[in-house]
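Just so it is clear, none of the values below were taken in a lab; they were calculated from the coordinates. Just so it is clear, the structure is predicted and the values come from calculations on it, not from any experiment. FYI the Cβ positions are ideal-geometry reconstructions off the backbone, even for glycines, and counts take in every protein chain you see.
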Amino acid sequence: MSAALPRRDFLTGVFGSVLAAGIAVPMRSRAADLTLKKAAQTHELFWGAAVQHMELARDATFADLVAEQCAVIVPEWEMKWAAIEKHRGKPNFAQADAIVRFASEHGLKLRGHTLIWHRSIPEWAKDILGQPGGWDAVATHIAAMLHRYGDSRFIHWDVLNEVIEPNDGRDDGLRASPFLKAFGPDYIPLSLTLAREAAPGMRLYINEYGVDYDGSVERARRAALLRLVDTLKTEKVPLDGIGIQGHLRLDGSPFSETALSTFLRDLASHGVRITITELDVREGDLKMPLNIRDTRVADEVRRYLDVALQEPAVEGIVSWGLSDRYSWRTTPALRQQGLVNRGLPFDDALRPKAVTKAIVAALERRRPG
C-alpha cells in the first residue's frame, strides 16, 4: 500500500467488501459514506474515538475526519474532575461543553469519561478526601456532572476508571487509590448508586485496563475484575457495563484467544454489556520500514477484534484517538526524533492504513448476536 495514496481513494478500496455484501450506498457520495461508523453500524455496533476540544477547534480537517468516521466521541480529559473543578466550588464546564457542542452539531453521541479516577483528583480534593465531609465533595462532583451531562446525548458514563490493581497486594485486587484509602471499598458501590440517582436513565460503566493479554499480571487483573462485578451484581448495585480499554502492544505478555474469549463470556454472564473503550497499539521498534510496522499493527488489532467481536455482549469500539497526529503514544521526545507511533486507524496525515482495513474486516466477520 502506497503511503501517498489519498485518504478518500483508499477508503473506497478498504470498504469495497462492504459494498460487496450488498449494503446500499448512494452513488453520489459513495466514498464519504464508506466509513468506520457505517461499517460498525451495519453490524449493530458503534465506532467512536477519544478527542480533545483543542484538536477539534484548531484542526478543521481532523474535525471533519472525526465527524465522518465516528458515531460516538469521548472527551479525553475535559470531563475528568481535575479538569472540571480546579478550584473548589468553581467548576468550569467550557471545554467539556465545547465537545458536547461539536457532537450536537454533527449528530454524534458521547460517552462520558470519567467521574472517579485516581489520577484526576483536584489538588484541593486530595487534601480533604480523608477528612469529615470528604465524601460530600465526591458526591457533589458526581451529581453536578450527571445533572449537566446525563441526558440522551450520552450513551454511557464511565463512573469509575481503573479501580483494579492486584500488585497493590489486597485480597480483593482493588487499587489502593486515594478513594479507597479515604472511604474503603464501599466507594465503588456508593459512586454507582449516586450516579444512578443523578441520572436514572444512564447506562453506568466501570472502565478497566490491562486485561487483554495472558501474562500472570493480566490473569490476576481479570480475576479481580470478575470478582468485583460478581459482588456488585449480587448486591444489586447499579452497573450496566464494563469498559475494556484495549491498549494493545507489540511486546510484552502473550495473547491468548481462549483466555480473552472466556473472560468476555464470563463478564457477559453477569448481565453486563461490554465496550472496547480505548483501542490503540503501542509499537516497539519505530525505525522499521513503515509497511512492516503497519502490517504488525494491523495483525495485532485483527486478532484481538476477531475474538472480542464474537462476544454478543460487545456493543461498540472506541479508539483512544483517531489519528496518529494526536496519539498519546507519541511523546514529545519521539516527535523530536521525527518518530510517530502508528497505532491508530489514520496516520499523521489523516490517511487510512492497513489497520483501518483490518478493523473493517473484523467487523464483517462478526456473527449475528
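How much length, in nm to one decimal, is gained on full extension between D251 and E44, taken as 0.36 nm per residue of separation minus their Cα-Cα distance?
Full-extension gain reported as 71.3 nm.
Want the number for Q131 to S104: 0.36 nm per residue separation, take away the alpha-carbon distance, what's left?
Value of the extension gain: 5.7 nm.
With the dipole of the chain worked out from charges on the C-beta (+1 for Lys and Arg, -1 for Asp and Glu) around the Cα centre, which of I155, G169, P345 lies farthest toward the positive end?
Highest projection toward the positive end goes to P345.
Long-range amide H contacts for R282: which residues qualify at under 5 Å (H placed 1.01 Å from N, peptide plane, sequence gap of 5 or more or a different chain)?
Excluding prolines and chain starts, which carry no amide H, the hits are L248, R249, L250.
Work out the charge dipole of the range 35-364 with +1 on the Cβ of Lys and Arg and -1 on the Cβ of Asp and Glu about the Cα centre, then indicate which of A96, A223, P312 is farthest towards its positive end.
Result: A96, furthest along the dipole toward the positive end.
To test your reading of the geometry: what angle, between 0 and 90 degrees and rounded to tens, separates the Cα axis of helix 354-364 from the longest principal axis of the chain?
So the helix axis and the longest Cα principal axis differ by about 80 degrees.
Can you put D240, D280, D324, D230 in order, fewest other beta carbons within 10 Å first?
D230, D240, D324, D280
Compute for the chain: radius of gyration divided by Kirkwood radius, i.e. Rg/Rh, restricted to C-alpha atoms, rounded to two decimals.
On the Cα set of the chain, Rg over Rh gives 0.96.
Suppose every Lys and Arg Cβ carries +1 and every Asp and Glu Cβ carries -1, with no other charges. What dipole size does the range 35-364 come out with about its Cα centre, to the nearest 20 debye?
That gives the range 35-364 a dipole magnitude of about 360 debye.
If you rank H147, H53, H156 by fewest surrounding Cβ atoms within 10 Å, what's the result?
With the sparsest Cβ surroundings first, the list reads H147, H53, H156.
Please compute the length gained on full extension between D64 and D266, using 0.36 nm multiplied by the number of residues separating them and subtracting their Cα-Cα distance.
Difference between extended and current length: 68.9 nm.
Kirkwood hydrodynamic radius of the range 204-317 from all distinct Cα pairs, in Å?
Computed over Cα pairs of the range 204-317, the Kirkwood hydrodynamic radius comes out at 14.7 Å.
I'd like to know which of G112, G184, L363 lies farthest towards the positive end of the charge dipole of the chain, counting +1 on Cβ of Lys and Arg and -1 on Cβ of Asp and Glu.
L363
Quick one: putting +1 on the C-beta of Lys and Arg, -1 on the C-beta of Asp and Glu, what dipole do you get for the range 214-369 around its Cα centre, in Debye to the nearest 20?
120 debye
In the structure displayed, which of K37/K287; K80/K181; K38/K357 lie more than 22 Å apart, Cα to Cα?
K37/K287
In the chain, which longest range has no trypsin sites (Lys or Arg not before Pro) that are both DSSP loop (not H, G, I, E or B) and surrounded by at most 15 other Cβ atoms within 10 Å?
Between the exposed loop sites, the longest stretch runs 1-85.
What FRET efficiency comes out for N92 versus I292 if R0 is 41 angstrom and r is the Cβ-Cβ distance? Round to the nearest 0.05.
E between N92 and I292, to the nearest 0.05, is 0.35.
For the range 267-337, just list the percent of Cα-Cα distances falling in each 10 Å bin from zero outward, please.
16, 42, 27, 13, 3
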